[in-house]
Amino acid sequence: MPDLTFSLSRYDGPATVNGVPFAEVHLIEHAHTEGDGLLKSWEGTAEVARREAPGVSPDWALDVVQVQLPGGGEGTAYVHNMTLTDGRYWKLDLSGRGPSPMA
């Protein structure tokens, strides 16, 4: 049987990253079959206006952050890319580490 990848859950809305409120967060949880096993992973992006998040800094790049959803779900993620667009908007690309905050 060939390996399969499918989506388990998705979240689009506000969230807190390292204690800083982010207005726009998009997360998706995947599952991938490999042989007889099932591997889960999650990833996403978080965006916020720089003026609304003075606590965000380039020090977050390539670091581990806590992601907390309004419903109480929490997860840990690596910031594998971070950009400041037009000097006004932070965008973080996240790769989940461990259980998804949507689980």
Search result, residues across the stretch 72-101 that are aliphatic (A, V, I, L, M) and open to solvent by 40 Å² or more (accessible area, probe 1.4 Å): Leu84
Qualifying residues in the stretch 36-62 (those that are open to solvent by less than 50 Å² (accessible area, probe 1.4 Å) and touching a residue at least 40 places away in the same chain (Cβ under 8 Å)) - the one nearest to Pro101 (Cα to Cα): Trp42
Check on Val65, touching a Pro at 6+ places or on another chain (Cβ under 9 Å), at pLDDT 95 or above, crowded, with 16+ Cβ neighbours inside 10 Å and not in a loop (DSSP other than H, G, I, E, B): no
Cβ-Cβ under 7 Å pairs, at least 6 apart or on other chains, the stretch 21-35 side among the β-branched types (Val, Ile, Thr), far side exposed (fewer than 15 other Cβ atoms within 10 Å of the Cβ) and part of a strand (DSSP E or B): Val25/Gly13; Val25/Pro14; Ile28/Ser7; Ile28/Arg10
Residue list for the stretch 79-103, filter: within 10 Å of the chain's Cα centre (by Cα) and either under 15 Å from Asp12 (Cα atoms) or part of a loop (DSSP other than H, G, I, E, B) (or both): Leu92, Asp93, Leu94, Ser100, Pro101
Asp12 vs. criteria exposed (fewer than 13 other Cβ atoms within 10 Å of the Cβ) and within 15 Å of the chain's Cα centre (by Cα): yes
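The values are calculated or read from the model by the stated rules, or taken from the named source; none is laboratory data. Note that the structure is predicted; figures quoted are calculated from it, not measured. No Cβ is skipped: glycine too gets one built from the backbone with ideal geometry, and neighbour counts run over all protein chains shown. Accessible surface areas use protein heavy atoms only, side chains included; no ligands, DNA or RNA. Shrake-Rupley method; radii C 1.70, N 1.55, O 1.52, S 1.80 Å.
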